[in-house]
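Here's the structure we're looking at; comments come further down.
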């Protein structure tokens with residue numbers, strides 16, 4: 001395995017951060033355009049998006065956000081703690 005396969009560049013990290021930012025901006029726009037606005041994580045009131053299927057744009061942004069966040073976490077977390085986190089989710 002070459003050293004370039006064992007490391008990731010700052011530009012690659014910045015690309016992940018840009019994906020996260022773009023997806024988040026898209027999701028915020030979707031929520032702001034809804035009648036209910038951006039939901040609080042502390043709210044126990046259902047949001048209109050809870051019962052309606054997500055739009056294509058919202059689904060695309062959610063997938064991008066989840067994937068980029070997962071990749072960034074996997075890249076920057078030490079291997080052992082990341083493995084424990086993954087195992088805990090599936091146990």
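Output the residues belonging to segment 1-47 that are part of a loop (DSSP other than H, G, I, E, B) and closer than 26 Å to residue 71 by Cα. Answer for segment 1-47, where residues must be part of a loop (DSSP other than H, G, I, E, B) and closer than 26 Å to residue 71 by Cα: 1, 2, 7, 8, 9, 38, 39, 40, 41.
Among residues of segment 23-37 that are on the phi < 0 side of the Ramachandran plot and exposed (fewer than 12 other Cβ atoms within 10 Å of the Cβ), those with a beta-carbon under 9 Å from a residue that is modelled with pLDDT of 90 or more and in a helix (DSSP H, G or I) at least six positions away or on a different chain give the pairs 25/61.
Restricting attention to segment 48-59, the residues that are in a helix (DSSP H, G or I) and either without any contact (Cβ under 8 Å) to a residue 12 or more places away in the chain or on the phi > 0 side of the Ramachandran plot (or both) total 4.
The values are calculated or read from the model by the stated rules, or taken from the named source; none is laboratory data. Here the structure is a predicted model, which means the values were calculated and not measured. FYI the Cβ positions are ideal-geometry reconstructions off the backbone, even for glycines, and counts take in every protein chain you see.
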